[in-house]
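*Asks:* Pasting a structure below so you can have a look.
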Amino acid sequence: MRRHWLQAQLVHTIFGGSDPFYALLHTFETEDQTTIDEQLIDVINEIQVLLPDCVKTEGFYIVIDEANVAIQEKWISGENDSGPYPALEYIILTWQKKLSALEGNFITFVVAGTEIPRDYFPPTDDRWAAWHWTSNTGDFNDQEVQRQYVTSFFPSQFAGQPESEALLRRIWDWCRPRHRLTSVLVQMLLTDNGVHPHSVLNHYIRHLTGYRTNEAEDFTKAEGSFSVRAIFGEIGALAEGRPLVQMSIHEVIMHYLITGHHPPSFTSERVAIVYSGAGQFADENMSQITLDQPGPLIATALWMSKTSYDRTKPRSLTSFKDFCFFTQGHWPSGDTYASGSYVAFYLAHVFQNAGGHLFSDIFTVSSPPAWLSVTRKFATYLVILRKGEDGILKEMVVKPSALEDDAPPLGYAASSADDVLAWLRHERSGAFCICPKDCDADLIFVLKRRGGYFWVILRTAGRGNASSLYPDNVFPDNTDRIQERK
């Protein structure tokens with residue numbers, strides 16, 4: 001029954017060709033309040049009679065979607081109250097009162113939307129004490145679940161064909177995890193009658209992200225020309241006007257480029273990332289936020305790479321000027337940009353010259369030690385030191401090939417003090433160690449000059465003080481073990 005009700009909402013011709021929602025809207029606009037109330041009570045009574053017993057057992061759900069509109073744009077005042085207050089509050093309380101006439105307690109309200117302040121619905125208020133905040137709206141984080149959803153709209157022979165299996169893999173790569181990104185593509189595929197699936201997906205990706213993919217060329221050539229309107233426009237501007245969101249996106253992209261992995265989730269103080277549409281909650285309690293949706297992340301990366309007409313606004317992924325702008329941003333709790341990955345990315349390009357660089361061409365040291373002054377004219381190289389299976393230390397100089405697309409990541413994101421120490425013992429990969437937040441250092445790497453190696457510890461300006469970067473202060477809880485590496 002629920003499936004039929006959903007289909008009836010999507011294909012309203014089931015009701016005889018007219019749109020019932022326009023009819024309802026017309027009634028609300030033309031009838032007086034008393035008549036509307038009487039008709040609603042009649043409808044509620046009919047619903048109670050028609051509902052099968054299984055629904056009364058399993059529960060009946062009433063959804064108020066796009067609730068953010070009713071809280072951001074619509075405010076009302078009732079008679080003899082202290083208004084104005086959000087229309088959403090009035091909507092919920094009104095429907096609760098009207099539906100209270102139903103026997104039993106089988107109705108659950110679901111209010112869906114973004115940017116709904118909790119302050120308006122405090123748990124200390126008896127009216128909202130039983131309500132539960134959650135982000136558990138479902139997603140396609142399981143490839144098999146997404147596959148079952150997509151194939152349910154096509155003939156049984158669809159699955160198993162080479163072109164179909166390739167399409168399903170590509171849908172997983174581009175459209176996970178948000179339901180809407182997959183469902184919109186399915187709508188476009190059905191509009192095309194499934195005749196040009198790979199071409200439609202490429203068309204969708206280009207309009208969604210601004211990226212022209214050349215995947216599945218053999219399939220698209222065989223499919224030929226097509227004509228399907230893209231439903232989503234380019235979503236890259238999700239972060240426009242949100243500098244802190246841009247800062248987080250830049251941070252995530254740089255971390256991924258240098259380590260090959262997304263950084264750990266952010267705390268809920270960065271909820272603006274979710275509000276922008278670029279990120280999502282990682283848990284149903286809305287305490288962790290991730291920026292790992294392929295489509296939105298690629299779209300925003302491309303948007304941030306395009307030149308802006310207003311150069312006072314950061315619009316570059318690689319510009320050092322824009323990087324400096326991001327490092328000045330602060331979230332309400334004081335959380336700042338984690339700069340280690342960008343600095344590693346920058347230095348990797350600086351050191352890619354196969355002939356090496358003079359240390360003084362890259363770094364300025366106010367009071368250099370004697371050994372550094374004596375060897376200042378010798379070339380300096382960025383190196384990776386790693387113990388082999390035989391326990392012997394091996395060296396690899398970072399060359400231009402290390403920056404090619406198929407090269408292994410140059411950075412290693414340490415998760416803890418012990419992880420940093422393991423990298424210092426050459427038990428972890430990467431030319432750069434990206435330090436965790438509880439470390440005063442942001443980045444550690446090894447340089448080679450005539451006479452041997454030396455380790456460089458970097459920290460973004462403004463974090464801690466210079467003395468805190470002495471080895472025995474980097475991780476004060478692990479002083480004894482760090483002394484071993486001095």
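*Asks:* Which percent of Cα-Cα pairs in the range 315-365 sits in each 5 Å bin, short to long?
*Replies:* In whole percents, the pair-distance histogram is 4, 16, 21, 21, 18, 11, 6, 3, 1, 0.
*Asks:* Mind ranking 132-144, 273-285 by how tightly packed they are, going by the mean number of other C-beta atoms within 10 angstrom, highest first?
*Replies:* Sorting 132-144, 273-285 by mean packing, highest first, produces 273-285, 132-144.
*Asks:* Just the number, please: carbon plus sulfur as a percent of the accessible area of the chain, 1.4 Å probe, no ligands or DNA/RNA counted.
*Replies:* After summing per-atom areas, the C and S share lands at 53 percent.
*Asks:* How charged is the neighbourhood of L168? Take every other residue with its Cβ under 15 Å from the Cβ of L168, and add Lys/Arg as +1 and Asp/Glu as -1.
*Replies:* -2
*Asks:* Give me the log10 of I(q) over I(0) for the range 109-268 at q = 0.13, 0.19 Å⁻¹, as the Debye formula computes it from C-alpha points; what are the numbers?
*Replies:* For the requested q values the scattering log ratios are -0.81, -1.28.
*Asks:* Relative contact order for the chain using alpha-carbon pairs under 8 Å, separation at least 6, rounded to a whole percent?
*Replies:* 8 percent.
*Asks:* So what's the back-of-envelope 222 nm ellipticity for the chain, counting only DSSP H runs of four-plus at -39500 (n - 2.57) apiece and dividing by all residues, rounded to 500?
*Replies:* That comes out to -11500 deg cm²/dmol.
*Asks:* Related question: Using Cα pairs under 8 angstrom and six or more residues apart, how large is the relative contact order of the range 55-169, in percent?
*Replies:* It rounds to 27 percent for the range 55-169.
*Asks:* If amide hydrogens are placed 1.01 Å from N in the peptide plane, which non-local residues have theirs closer than 5 Å to the one on L358?
*Replies:* The list, which skips near neighbours in sequence, is T380.
*Asks:* Let me ask another. Could you tally the net charge around V271, taking each other residue with its Cβ under 14 Å from the Cβ of V271, Lys/Arg +1 and Asp/Glu -1?
*Replies:* Neighbour charge sum, excluding V271 itself: -2.
*Asks:* Taking every alpha carbon pair in the range 71-203, what does the distance histogram look like in 10 angstrom bins from 0, in percent?
*Replies:* 9, 30, 19, 19, 17, 6, 0
*Asks:* Excluding residues on the same chain fewer than 8 positions from K399, give the lysines whose Cα lies under 16 Å from its Cα.
*Replies:* The qualifying lysines are K448.
*Asks:* In a shell of Cβ-Cβ distance under 10 Å around G113, excluding G113 itself, what net charge do Lys and Arg (+1) and Asp and Glu (-1) give?
*Replies:* Combined, the nearby Lys, Arg, Asp and Glu give -3.
*Asks:* Over the Cα atoms of the chain, what radius of gyration and what Dmax do you get, in Å?
*Replies:* 28.9, 94
*Asks:* Please report the antiparallel percentage of DSSP beta bridges with both residues in the chain, rounded to the nearest 5.
*Replies:* DSSP beta bridges in the chain are roughly 75 percent antiparallel.
*Asks:* Still on this model: Can you list the cysteines of the chain that have no other Cys Cβ under 4.7 Å away?
*Replies:* C54, C175, C324, C433
The values are calculated or read from the model by the stated rules, or taken from the named source; none is laboratory data. Computed from a prediction, not measured in an experiment: that's the story for all the values here. Please note: Cβ atoms are built from the backbone with ideal geometry, for glycine as well, and neighbour counts cover all protein chains shown. Each accessible area value is taken on the protein alone, full model and side chains, heavy atoms only, with ligands, DNA and RNA left out. Shrake-Rupley method; radii C 1.70, N 1.55, O 1.52, S 1.80 Å.
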